[in-house]
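Take a look at the structure below.
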Amino acid sequence: MIIFLRKFLVCLLLLTFYGIATSQDTATSPVELPDKFLIAVDKKIRNLDHQLSKQSESYLNQLLKQEEKIGKKLKKTDSLKAAEIFGEAKKSYEELSRKLSSIDGKMGAAFSGEYLPYLDSLQGTLGFLKDAKNIITKSKDIQQKLSRSLDHVNQLQNKLQQAEEIKAYVNQRQEQLKNLLAGYTDLPRSVSKYLGKYKQQAYYYGQQIKEYKNAINDPDRLLKNVLATLQAVPAFEKFMNRYSMLSALFPAPGIYDPSQVVNGLPSRQQVMSVIEDQTGNIHANSLAMVQQNVNAAQSQVDELRNRVSQLGGNSNGLTMPDFEPNDMRTKPALEKLEYGASFQSHRANNYFPVTSDVSATLGYKLTTKSIVGIGLFGKVGWGSGWKHIKVTYQGVGLRFFGDWKVPPVWGSKEGSFWLTGGAEMNYQKPVESLAVFKNYDTWTKSALAGISRKFKAGKKLNGSISVLFDFLYRQHIPVTEPFIFRVGYTFN
């Protein structure tokens, strides 16, 4: 009996220790999900979703408008062909618009198209946290919020895929219209103008989608922090290996290793490991196989380029437009802004001590070659000489300016010289009341034009040196110097 009890106690102790050890292996400390995380996710994703829908609708309307203009002109020459090609155009564009607007957050077909690391990481994070109820700290409605955020992300992904289908349709339609009109020699010149506008709209729509993808692929600090926390949870790695877009692209165990994934993409070692596992060859043979495939693909691309060239297209690149695009057109408004500061000094005279203008400027990029902006500056006095240095406030000024890039000259780099012009108003006294801003008759006016040399001063800092001529310098009392030397800096 004693021996039986002793064995029973030993077994009980072993089971207890086994349970403790098992619980220690499987237990995971709850993840503290930041309150601002889901708010930031919803704000970013819903904003991109809204912009994508709005811009797609706008481009589809503009493309249809150009088609209707072409069809109206063609109808006068060939009514049967016009009815055949353009009779169902409005219905086709409306169907594309309807499909885009009816997309929801339900996961449909398998992932296809360009891989978006941020979207993949975001979907995986939300999906994992929604299902792993024991992973995150308990909250009253956290599961509902996670589910709603995941629906928003899935909806954006589905809309991006639909936008790619719209882009493919528009490109196909563009070639169809081009080939159609090439068969006529007596069409009005306005038809070529309408086709040109159609091509421009098609190009900018593709660029607009690219901009949205770039915005999606810019991970924020909150997501990085959450991912860093989840990397310590083994279940998260298993989840991503099974359900992520990356696992669909590289169906091999262990492809999603959080310590090896950089910006959402697998490392070169991981990719080569997958290639070797799937081909069964050694490293050198795998590389040779990849190189052969690349060479074969390059040959097909070269052949396609030759065909495009024979048809009158541009063989230098299949995506190159036949017009000079404005790269700023599809950029977000904030990315078109350019913040800056400039400094200039004035020589002493009989009426005023030497002063310096310190200004803050805000520019707006119309294109990559033209900028307009406004600036506000204050005048600082430095005294009457080295023995009488005194910092004083001497007035304010308002500035309007425009910069235009000039072609390279004298072996200079592209875009290093700019034509600069603008207008300025200076109030040469300390401002005692806001009434001075209502009466600009007491202000000194200047009309400036000159040239600027721009250069890189840092990673996000650009410098400029300007020499400007004031066409109104003789009207100033007292007469000022005709030439102005100015140093400025802009921040991107």
| Roughly speaking, what is the centre-to-centre gap between the range 360-379 and the range 443-492 when only Cα atoms are used, to the nearest Å? | 12
| Separation of the residue 337 and residue 214 label points, Cα + 7 Å toward Cβ, nm | 1.8
| message | Students often check this: by mean Cβ neighbours within 10 Å, which of 198-209, 36-47 ranks highest, and how do the rest follow? | response | 198-209, 36-47
| task | Please give the net charge around residue 380, taking every other residue with its beta carbon less than 12 angstrom from that of residue 380, where Lys and Arg add +1 and Asp and Glu add -1. | result | +1
| task | State, to one decimal in nm, how far the label point of residue 72 lies from the label point of residue 193, with both points 7 Å from Cα in the Cβ direction. | result | 1.3
| note | The simple spin-label model distance between residue 425 and residue 453, using points 7 Å out along Cα→Cβ, in nm, is 3.4
| message | Give me the tail of P(r) for the range 333-491 as a percent: Cα-Cα pairs with distance above 28 Å. | response | 25
| field | Global form of the range 35-118, assessed from the alpha-carbon gyration tensor, a/c cut-off 1.5 | value | prolate
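Values quoted throughout were computed directly from the atomic coordinates according to the rules given, and no laboratory measurement underlies them. None of the values given here were measured: they were computed from a predicted structure. As a convention, Cβ positions derive from the backbone with ideal geometry for all residues, glycine included, and neighbour counts pool all protein chains shown.
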